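The structure under discussion appears below in the form of structure tokens.
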């Protein structure tokens with residue numbers, strides 16, 4: 001089965017069809033998806049600003065990061081869950097959208113960036129935790145995160161404009 | 001339209017209709033409707049501003065509720081998040097005004113728009129007054145929780161009503 005066939009199957013499934021044809025459920029899920037941006041990416045931007053050294057620089061990095069982390073993760077969980085349901089209902093439609101592919105690409109880049117940060121600099125956090133000027137690696141990770149997530153939001157919004 | 005028939009013929013809003021028509025007839029409004037890219041591009045900016053604004057709102061309110069950064073005084077966290085919050089407000093207000101100009105008359109007849117504007121005005125006024133109190137002197141815990149609940153209700157109410165403009 002190709003990826004496109006899988007997308008068709010998802011969209012044509014009972015749940016996919018019911019979601020797309022519902023009067024309110026789809027709208028509610030879409031609104032949740034948009035507003036949970038605040039919890040996930042909004043708080044992530046704040047954490048990234050600390051990594052770059054532009055926010056709360058007198059405070060330990062771990063203080064900002066670890067305090068925000070559970071809330072961000074909850075936000076991303078809501079994000080992926082609601083996004084997954086939206087995808088289910090329109091899988092074949094968005095499969096063809098170049099904007100959706102770009103969104104996924106930047107989503108993967110953002111994830112890879114986070115993973116790289118956590119496994120490298122994140123592990124040695126104790127050595128640079130309280131520096132007002134974070135190491136270059138942390139700055140790069142922070143900027144990459146901000147740029148990737150901005151791209152995800154931009155292309156994500158564009159998906160809706162391109163296929164209506 | 002869920003409001004009763006004729007509501008716009010004898011209320012305060014009725015006198016605003018000519019103003020809304022004027023907004024829509026401005027150069028920006030006309031250009032925005034003609035261009036295929038104006039609305040989507042500005043709306044993306046609006047969404048990014050919203051992310052920053054609501055992110056900062058959450059940070060402040062999670063602290064007020066005692067859920068994050070408890071080792072730091074409330075006034076400290078509020079002061080730190082304040083520039084991000086107002087940057088978010090400035091971005092969403094500027095982009096939102098441009099979006100409004102392209103479809104002012106549609107907004108006039110859209111009940112969600114009026115909810116959104118009401119929530120927004122109260123949210124900004126509340127933020128301004130509450131913030132000053134929060135950074136001035138320590139408040140009892142119950143007061144902090146009440147401020148947080150009201151602030152979350154107002155800002156997310158603005159967001160939900162705003163999103164609903166496209167749906168009603």
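Observations on the structure shown:
- Maximal additional length on extending the residue B:166-residue B:65 stretch stands at 33.1 nm, based on 0.36 nm per residue less the C-alpha distance.
- Annotation: extensible slack from residue A:20 through residue A:74 equals 16.9 nm (criterion: 0.36 nm per residue apart, minus Cα-Cα distance).
- Contact order normalised by residue count of chain A, Cα under 8 Å, 6+ apart, percent: 33
- Packing-based ranking, highest mean first, of A:68-79, B:151-162 given that Cβ atoms within 10 Å are counted: B:151-162, A:68-79
- FRET efficiency, residue B:105 to residue B:37 (Cβ-Cβ, R0 22 Å, nearest 0.05): 0.50
- Cα-derived Rg over Rh, computed across the protein assembly as shown with Rh taken as Kirkwood radius: 0.99
- Relative exposure of B:102, A:17, judged by other C-beta atoms within 10 Å (fewest first): A:17, B:102
- Hydrodynamic radius by Kirkwood, which averages 1/r over all alpha carbon pairs of chain A, in angstrom: 17.2
- Shielding by other protein chains, B:54-66, mean Cβ within 10 Å: 4
- Averaged over peptide A:39-48, the number of partner chain Cβ atoms lying within 10 Å of each residue's Cβ comes to 5.
- Of the residues A:14, A:91, A:110, the one that moves most in a GNM of chain A with alpha-carbon contacts below 10 Å is A:14.
- Each peptide in A:126-138, A:144-156 gets a packing score, the mean of other Cβ atoms within 10 Å over its residues, and the list from highest to lowest is A:144-156, A:126-138.
- Highest-fluctuation residue, B:84, B:120, B:128 considered, GNM on chain B with Cα pairs under 10 Å: B:128
- FRET efficiency for the residue B:132 to residue B:76 pair, using the beta carbon distance and R₀ = 25 Å, is estimated at 0.95.
- Shielding value for A:30-36 is 4, the average number of Cβ atoms from other chains within 10 Å of each residue's Cβ.
- Gap separating the Cα centres of region A:77-92 and region B:93-168, nearest whole Å: 27
Only the coordinates and a few stated rules stand behind these numbers; no lab work does. Worth saying up front: this structure is predicted, and the values here are computed from it rather than measured. Here Cβ is always computed from backbone atoms with ideal geometry, including for glycine, and neighbour counts include all displayed protein chains.
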